[in-house]
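Working notes, structure below.
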Amino acid sequence: MLKTKDLFKPDIRNQPFNLSEEDLMDYVSRIEISKKVPRKINEMLDFTRRMILYGYYNFDFYTQTAIYLFLITESAIKERIYEEFPEKCPMIKDGKTEIVTKNYRVIFQRLREDWQLIGFEKLGHSLDSIVRVLKTEQVLPKRIGDTEIEILRQLRNSAIDLTRTEPYSPAVVIPIYWQIVDFINCLYDKNFHESEPKALKQLREHYRMLSQAVEKIKKTKKSEN
């Protein structure tokens, strides 16, 4: 029979990462959430911080965090583009035009049915298309690009088929958390457009150095052959 004390033992799957609770707390605190992010989304992001901390006791929380981050980001993207829509939305499909009173559910349902919103002709129902429109309209900065879109695709695939999802580790989910928070900050606060968080700069530098080290090893092996 499972006892309460058994629920609060550190998960041994964390051991290869040499992580303490304090380490996890430090990592999730390295990026602030803008006060301009809507309260509900802010609260959900704060909850993902706690989910990452729970991963110290149950490794599976890291994967659940990744999936939850996708759902939050999807909501944040749709809410942000919705703010740009006019109160009366002219929509067209197969030559037929209708004026739709601004309504979140109705408009996104129409987009899924391949209606076009006049004035937003490049907008589709996919997150990719919405992100590209937000970039075109400079709601998102130039530094947000294909990397973030690819992360969303990966997280979406994880959310769609849990049975085939590879477990996420803290080494993977924490950088994703940083990038998602930065992405959402940029959606709602232009003060973040030109100020990439220090944690992401360090992460990029780490990968650059790692890539250089790998290339050096490859060249050494080639010269030996």
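We did not get these values from a lab; they are worked out from the coordinates using the rules stated. Since we're looking at a predicted model, the values are computed, not measured. All Cβ positions, glycine included, derive from the backbone under ideal geometry; neighbour counts span all protein chains shown.
Each Cα pair under 8 Å and six or more residues apart adds its sequence gap; the mean of these over the residue count of the chain is a relative contact order of 25 percent. Taking a straight line from the alpha carbon of LYS96, these aspartates and glutamates sit under 17 Å away, with near neighbours fewer than eight places off in the same chain left out: GLU113, ASP114, GLU121. Give the shape of the range 118-187 as rounded, prolate or oblate, defined through the alpha-carbon gyration tensor: a ≥ b ≥ c are the square roots of its eigenvalues, a/c under 1.5 means rounded, and otherwise the shape is prolate if a/b is larger than b/c and oblate if not. In terms of gyration-tensor shape, oblate. The Kirkwood hydrodynamic radius of the chain, based on inverse pair distances between different Cα atoms, is 19.9 Å. Take the Cα gyration tensor of the range 40-134, multiply each eigenvalue by 5, square-root it, and list the three semi-axes largest first, rounded to whole angstrom. Values for the range 40-134, descending: 35, 12, 10 Å. Among LYS35/LYS135; LYS102/LYS142; LYS142/LYS190; LYS78/LYS198; LYS78/LYS135, which pairs are too far apart, with a Cα-Cα distance over 19 Å? Those over the limit are LYS35/LYS135; LYS102/LYS142; LYS78/LYS198. For the chain, the 222 nm mean residue ellipticity estimated from helices alone, with every DSSP H stretch of n ≥ 4 adding -39500 (n - 2.57) and the total spread over all residues, rounds to -19000 deg cm²/dmol. Computed about its Cα centre, the charge dipole of the range 23-74 is approximately 280 debye, with only Lys, Arg, Asp and Glu carrying charge at their Cβ. A Förster distance of 22 Å, applied to the separation of the beta-carbon atoms of HIS125 and LEU162, puts the FRET efficiency at 0.45.
In a fully extended conformation the segment linking LEU71 and GLN15 would gain 17.3 nm over its present Cα-Cα distance, using 0.36 nm per residue. With θ taken as phi - 60° and the Karplus curve 6.51 cos²θ - 1.76 cosθ + 1.60 applied, the whole-hertz 3J(HN,Hα) list for the range 175-190 is x, 5, 4, 4, 5, 5, 4, 4, 4, 5, 4, 5, 4, 10, 9, 5 Hz, x standing for glycine and proline.
Within the chain, what is the longest stretch that has no GluC sites (Glu not before Pro) placed in a DSSP loop and near at most 11 other beta-carbon atoms within 10 Å? Longest gap between qualifying sites, sites excluded: 138-193.
Legend: ranking of residues TYR188, TYR68 from fewest to most surrounding C-beta atoms inside 10 Å; resulting order TYR68, TYR188.
Neighbour counting of Cβ atoms within 10 Å sorts the residues THR65, THR136, fewest neighbours leading, into THR136, THR65. As a proxy for reagent exposure, VAL37, VAL181, VAL100 were ordered by neighbouring Cβ count within 10 angstrom, fewest first; the result is VAL100, VAL37, VAL181. Calculated translational diffusion coefficient of the range 19-85 (25 °C, 0.890 mPa s; Stokes-Einstein with Kirkwood radius over alpha-carbon pairs) equals 190 µm²/s. Indicate the gyration tensor shape class of the range 150-202 (rounded, prolate or oblate), computed on the Cα atoms with a ≥ b ≥ c the square roots of the eigenvalues: a/c under 1.5 is rounded; otherwise a/b larger than b/c is prolate and the rest oblate. Oblate.
Under 5 Å from the amide H of VAL100 lie the amide H atoms of CYS89, MET91, each residue being 5 or more positions distant or on a separate chain, with H modelled from the backbone and absent for Pro and chain starts.
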